[in-house]
1. Is it the case that residue 29 is modelled with pLDDT under 95 and within 27 Å of residue 127 (Cα to Cα)?
2. Being part of a helix (DSSP H, G or I), surrounded by 15 or more Cβ atoms within 10 Å (Cβ to Cβ) and modelled with pLDDT under 95, is that true of even one residue in the range 88-111?
3. Taking only the range 39-73 into account, find how many residues are under 16 Å from the mean Cα position of the chain (by Cα) and more than 24 Å from residue 83 (Cβ to Cβ).
4. Would you pick out the residues in the range 110-145 that are touching a residue at least 60 places away in the same chain (Cβ under 8 Å) and among the basic types (Lys, Arg)?
Amino acid sequence: MSFDLGYHGSLMGQGEPCRLVVRKEKSLSEILQFSLGGLEIGQQVVIMAGPTCLKDIAHGLSETGLKTDALLHSGRLVLLTAPNCLAELLRPSEPFQRNPLHRHATVMRWVTDWSWAYGDGFDASTIRDYQRRLHEFIRPFNAMSICTVLCEKVQRSDLLAMLVDHRRVARTVDGTRRAVEAQA
């Protein structure tokens, strides 16, 4: 069981919101449903999470009848292991020499599970910076996105701070996008 903690304004060009979902249990049903929906209609799905979470997601997608190996090989499914992938993604130069992300796809779905950050004891300002930088990174991809966190790894005060930070990050990124559009 889980609950949506909140939506925030668009990070993407088409006004799609990024959802923040706080999971009460280790169930990955929201992530699987969101990912499966994209894969079924031919969208690229990128999932960034800790190694255990990624393994569970891949297993869950396989149980639905999808051939995850084929999806990974074709690039329609991209699994990024956090936090190791952050340095590559957020580097000022081109993130990958042979980039697995399809910049010219019509729509991409991006899933980020932040449980690894809370489980590894990162402080709130570091997590907020990662969220801001990651949302800035995915914005040009015209991506629909969902951020999740496992509630048992987060104290109530940190959970409330995450909601506020997630909204603040969205406003910052959305405000920057509007300023750039106004100048164009």
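1. The answer is yes for residue 29.
2. yes
3. 2
4. 139
The values are calculated or read from the model by the stated rules, or taken from the named source; none is laboratory data. Quick caveat: nothing in here was measured; it's all calculated off a predicted structure. Neighbour counts run over all protein chains shown; Cβ positions are idealised from the backbone, glycine included.
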